[in-house]
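Just below is one structure, and these are the notes that go with it.
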């Protein structure tokens, strides 16, 4: 007959909890099974080790090689585009370029042909572009 006082768990069903840090004779004294020194050996240093300050962010950011210039690069415009957007005798300046939908910082390259007389003022241009604009009867002032 089974009674309350005769009930027992099966063998191996319950495991006795180790009591650590109870002296050298127990086998788990001194460091109490935590190894020696370091953050994990201390209390509260197991889950989620803490890096101080910005260190975590610095470690997460990738290392970019070389130097990146802070200076904004000019937008590139060909002579064909200028010939399409501007009429004969018009002035090409940062303001007029912006009105036509191009950026204010523009460099004119000598790709294509120039057939119109354009006055280019305050806009950077390559040597080939300058040559073609002047040969078409236009002028350049920077």
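Derivation of every value follows stated rules applied to the coordinates shown; laboratory data play no part. Here the structure is a predicted model, which is why all the values come from computation and not from measurement. Ideal geometry is used to build each Cβ from the backbone, glycine not excepted, and the neighbour counts take in all protein chains shown.
Quick notes
- Separation of alpha-carbon centers, the range 104-123 and the range 1-36, rounded to whole Å: 87
- Estimated distance in nm for a label pair at residue 8 and residue 42, the labels positioned 7 Å out from Cα along Cα-to-Cβ: 4.7
- Candidates 124, 83, 41: whichever shows maximal mean-square fluctuation once the chain is modelled as a Gaussian network with Cα springs under 10 Å: 41
- Rg of the Cα atoms in the range 75-141, relative to 2.2 N^0.38 Å, amounts to 0.93.
- With all pairs of separate Cα atoms included, the chain yields a Kirkwood hydrodynamic radius of 23.1 Å.
- Modelled spin-label separation between residue 55 and residue 99, with each label point placed 7 Å from Cα along the Cα-to-Cβ direction: 6.0 nm.
- Entry note, the range 75-141: relative contact order of 35 percent, from Cα contacts under 8 Å with a spacing of 6+ residues.
- FRET efficiency for residue 91 and residue 63, using Cβ-Cβ distance with R0 set to 41 Å, rounded to 0.05: 0.30
- Label-to-label distance for residue 131 and residue 28 is 8.6 nm, based on points extended 7 Å past Cα in the beta-carbon direction.
- Shape descriptor for the range 1-66: Rg over Rh equals 1.35 (Cα atoms; Rh from the Kirkwood inverse mean 1/r).
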